Amino acid sequence: MHPAFSVIFLTTLIGAGQGLFLALFTSESYSAVGLLPKQSHTFYAIGGFLALLLLIAGLIASVFHLGRPERAWRAASQWRTSWLSREVIALPTVMGLVFLYATIHLFEWNPMFLGYGFGDKITLVLGGTAATAIFILFLCTGMIYAAIRFLKEWSNPLTIINFILFGGASGFMLASAYSSFYAPELVNFFGGWAIILTLSVWVTRSASLIRNARLKPTSTIQTAIGVRHTKIQQKAMGMMGGSFNTREYFHGKTALFLKSIKWIFIVLSFPLPILILWAGMQFDQQPLLISAFVIQYVGLLFERWLFFAQANHPQNIYYQTV
Amino acid sequence: MTQLALVIDLNVCVGCHACVTSCKEWNTSGEPGPLVDENPYGKDPTGTFFNRVQTYEIGEFPNTETLHFPKSCLHCEEPPCVPVCPTGASYKREEDGIVLVDYDKCIGCKYCTWACPYGAREIDEKQKVMKKCTLCVDRLYDEALPESERKPSCVLACPTSARLYGDVHDPDSEVSNAIREEGGYQLMPEWGTKPSNHYLPRRKTRMHIHEDELVRADNPLKQEDIRHETSKDVTLDDWF
Ligand code: SF4
Ligand code: SF4
């Protein structure tokens, strides 16, 4: 498929935003049971707004993918059958919940329900709800790709697992950089999880790379045109100047280019950020923590590009002379 | 239930692209507005078409055969492009099984094109909505047209009558007969999309001549020769 930058930014940005919120909420629940030192409301408020900012940036990127964004509201209507429609509902829900969570922390609200004050628990309940919504959103985003059975590179549970783990890894990376400003005692907690998540996604993404390399296409030129012969060659595609079919489904790059992107993404997403993060935690270097996140994010852009470029659509059989 | 569809006879198609131009002409002049054309007279002309005729070469020189292959939306009975559409713009009509896009609802997200294994959908880069073959739904029921013209314009245009149109669910229709009797098949049956459009294969009519027929063993003129030795005299056979 042709990798569209709007979708590359959408999925990586909201992934990091979702991961950052999960990181914040994890630390808040840990401190609620006394496993971590308590943090100020401002820490969660600013962190929450930072996550919201990433979600909004992702949403803005997605608008560039649509031909008619002014009608985007219609996309919420087919949630019964379409994962894209479900994502269109889940994303604003997550944004709303994260906004509420951050605002309540910001103003240190303690709303009363039926004469009963929740105290600090209100943000825990809200955070739990938002975290659930975030996992649903990950599921929707992953299923958009995994549900298209014609694209065998995507049509696999690994797609969803990778989306969740990549989002979590970059979110926890960001959380460790962020906490170095307001809550230095949490840097190692977030950093530790970031390393664990990055290592796990290294494993699962490698699994999907290996799987993709071994895939055999279901359709062949024989089934595409219904002629039983081992030697069939396309001589004309029905147009000369190209068409939507030759633009949307091809990445237009050489195999060598793809291979180099693969190695760039592997280095930038896995070993390099882990090393830099580790060094940053070891030597208490804030710039290192920040660059670990930035480098991994750039790595994820390469990763997502390859994710799209590697998917081979059966319609390409009809466009062999590109 | 009715399922309108095309049956395309690859044995007859000569690759003249008459259906392509006729389709474009009809569908660019209709109510939904023109089908985009960019650089129509320039170096790299491109645009949206509902129908394309492709050409394949089968076999290796000198044993080759040319196949012209028209391709448009197959109006699948299990259209995978429909359930993925987030807006409901893509739908399959209950009454005649035609798969359509509502251009007023489509947001141009292109998700449906990922879900069509045949590459039958092409976005209109000007109107920014998804377009594809409508089976000329705006002709089929138009009472202002004479009955004989209430057919897709590609069908009317084809000079060799390679394109048949009708209800593939009616076992006695012309199209069902053709599919049944001429070996009609579907494209990429492995995906279970159940395309309604069918293709009739290239067929060869071969004369089978038995050796007996060549030597004409039963030629009454030769009856004698079979029983007796050939005469040295001049015979009728020498004249041939
Ligand atoms: S050919 Fe493609 S666009 Fe047409 S109904 Fe089938 S899946 Fe949908
Ligand atoms: S491009 Fe239009 S028809 Fe296709 S899935 Fe999106 S909204 Fe539906």
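The values are calculated or read from the model by the stated rules, or taken from the named source; none is laboratory data. Keep in mind that what you see is a predicted model, and the values were worked out from it rather than measured. Note that each Cβ is placed from the backbone with ideal geometry, even for glycine, and that neighbours are counted across all protein chains shown. For the accessible areas, the whole protein counts, side chains as well, though only heavy atoms, and no ligand, DNA or RNA atoms are used. Shrake-Rupley method; radii C 1.70, N 1.55, O 1.52, S 1.80 Å.
Screening A:Phe135 on (1) open to solvent by 10 Å² or more (accessible area, probe 1.4 Å); (2) outside any helix (DSSP H, G or I); (3) among the aromatic types (Phe, Trp, Tyr) shows it passes everything except condition (2). Residues in segment B:92-106 that are touching a strand residue (DSSP E or B) at 6+ places or on another chain (Cβ under 8 Å) and within 9 Å of ligand 2 (Cβ to nearest atom): B:Val101, B:Asp102, B:Tyr103, B:Cys106.
Scan segment B:171-193 residue by residue and report those that are assigned to a loop (DSSP other than H, G, I, E, B), open to solvent by 60 Å² or more (accessible area, probe 1.4 Å) and more than 14 Å from every other protein chain (Cβ to nearest Cβ). Of everything in segment B:171-193, those that are assigned to a loop (DSSP other than H, G, I, E, B), open to solvent by 60 Å² or more (accessible area, probe 1.4 Å) and more than 14 Å from every other protein chain (Cβ to nearest Cβ) turn out to be B:Pro171, B:Asp172. Can you name the residue in segment B:111-133 that is part of a loop (DSSP other than H, G, I, E, B) and in contact with a strand residue (DSSP E or B) (Cβ under 6 Å, 6 or more places away or on another chain) and is also farthest from the other protein chains (Cβ to nearest Cβ) among such residues? It comes out as B:Cys133.
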